[in-house]
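Below is one structure, written out as structure tokens; the observations come after it.
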Amino acid sequence: MRYLARYLLTYEGMSAKTSEPMESATLRVYEKLRQSLSAFAGVAAFESLAFRALTQAKSEAPSLWAVQIAADGSLHGLGEFEPQIDIDKDLAGEGGTILIDRLLGLLLIFLGEALTLSLLRLAWPGAALDDCNSENGRKV
């Protein structure tokens, strides 16, 4: 899932318009996932998955300890230390990658591959998601 998370973050980073306010790719990916899954399963379901993903990610990325999930599923605290993401160099960016990775992993576990890919295609209609392979060679 880490590969897919990096792909989505890079895709969002590349598709950001320069006239838009600077918002991190992590926040944009997270918000698209939140909107897509909340419409499908409800806000409480997304909030629960996001909380679990953040809890898992905090053990791997200490920079996420200040981040919180609000009752509506929105992410608070990430933008305070992540003004601009550089996935390969920025520690905060790596924390964002880990968070998105964990969230995608939970979606795959609970929804299955077909439904997860369907939700991702709705959120990113122009992305080449069929070309994304996980680290173990499985299509995701």
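Every read-out reported here was derived from the displayed coordinates using simple, explicitly stated rules and does not represent laboratory data. This structure is a prediction, so every number in the text was calculated from the model and none was measured. Cβ placement follows ideal geometry from the backbone for every residue including glycine, while neighbour counts extend to all protein chains displayed.
Values for this structure:
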{"read-out": "Cβ crowding within 10 Å averaged over residues, with 56-66, 2-12 ranked highest first", "value": "2-12, 56-66"}
{"read-out": "Net lengthening on full extension, residue 66/residue 114 (0.36 nm per residue, minus Cα-Cα)", "value": "13.9 nm"}
{"read-out": "Chain lengthening between residue 59 and residue 39 when straightened (0.36 nm per residue, less Cα-Cα)", "value": "4.3 nm"}
